[in-house]
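Here the structure comes first, spelled out in C-alpha cells, and everything after it is commentary.
Just so it is clear, none of the values below were taken in a lab; they were calculated from the coordinates. All values derive from a computational prediction rather than experimental measurement. Note: ideal-geometry Cβ built from the backbone for every residue, glycine included; neighbour counts use all protein chains shown.
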Amino acid sequence: MTNNTLNPLTSASEVATPSRRIVELPMRLFHTFMAISFAGAYITAESERFRLLHVSLGYTLFGLVVFRVLWGMMGPRQSRLSAAWRKLEAIKEFKSDLQNFPESLLSWNGQTLRKLGAVVLTAAAFSTLLVSIFIAISGYALYNEITGDWMSEIHEFFGNFLLMAVLLHIAVIGLLVAGKKAQGLRPMWSGRRVGAGPDVAKSNHLWVAILLSVLVTSFLYFQLT
C-alpha cells in the first residue's frame with residue numbers, strides 16, 4: 001500500500017512564498033531611526049522637562065540625513081540618490097495628463113498609479129531629507145540662543161511641514177496597498193518583497209548596519225547621561 005502522506009517539512013518548503021531582497025539592512029535601520037527620532041522630537045517639542053531629549057533627537061535626525069547622503073553616494077546601486085532622482089523624472093509622463101485633468105483619469109491604469117505613487121513617495125523622501133536639515137539648523141540656533149525668538153516660528157514651520165510630508169508618505173502607501181499596487185511597509189520591515197526573481201539588494205551590509213546602530217545609540221547615551 002502506497003503512503004501518500006506528505007512530509008510536513010517538505011510540504012512547508014513547497015508552499016513557501018518566494019520573495020526577494022530589495023532593501024538592505026542599513027536603509028531599513030535608517031528609516032526606523034528616522035521615524036523614531038522625528039516622532040520623539042515632535043512629541044517633546046513643547047516640553048521644557050524633555051528639552052535635552054528633544055534637542056538630542058534633533059541632532060540624531062541631522063546625523064541620519066548625513067548618513068543617507070553618504071550612503072546615497074557610496075552605497076549600493078539601488079540606494080543611490082541618483083536612482084531615486086530618476087524616479088522623479090517620471091513626472092514628465094504626467095504632463096499631458098495634468099493638462100487634461102480630470103478627463104485623463106479615465107485612461108489611468110494600475111501601472112499609471114504605481115508610477116504616480118513612486119513619484120509622490122520619492123518627492124516626499126527628498127523633502128524629508130531637505131527639511132530635516134533646516135529643522136536641525138534652526139533648532140541648533142534656538143538651543144544656543146544664536147538668534148531671536150523669530151527662529152522658533154521657522155523651526156515650528158519646518159517641523160509641521162515634515163509632519164505633513166510623513167503623513168503624505170503614509171497615505172500614499174495606504175492607497176497603494178488598498179489598490180493592491182504595493183505590499184505596504186513589509187519590504188521596509190523585512191527587506192523582502194513577495195515575488196520570484198533575483199535579489200535587488202545583493203548584500204545586507206550587516207557591518208554598516210551595526211556601525212550605524214552603535215553610533216546612534218552611543219550618541220544618545222552620552223547626550224542624555
Added length on full extension, which subtracts the Cα-Cα distance from 0.36 nm per residue, residue 73 to residue 206:
46.1 nm
If you stretched the chain out fully between residue 199 and residue 225, how much longer would it get, using 0.36 nm times the residue separation minus the C-alpha to C-alpha distance?
5.2 nm
Out of the trypsin sites (Lys or Arg not before Pro) in region 39-71, which ones are loop residues according to DSSP with at most 15 other C-beta atoms within 10 Å?
49
How far apart, in nm, are the 7 Å Cα→Cβ label points at residue 152 and residue 213?
3.9 nm
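Taking neighbour Cβ counts within 10 Å as the exposure measure, how do 87, 202 sort from fewest upward?
The order, fewest Cβ neighbours first, is 202, 87.
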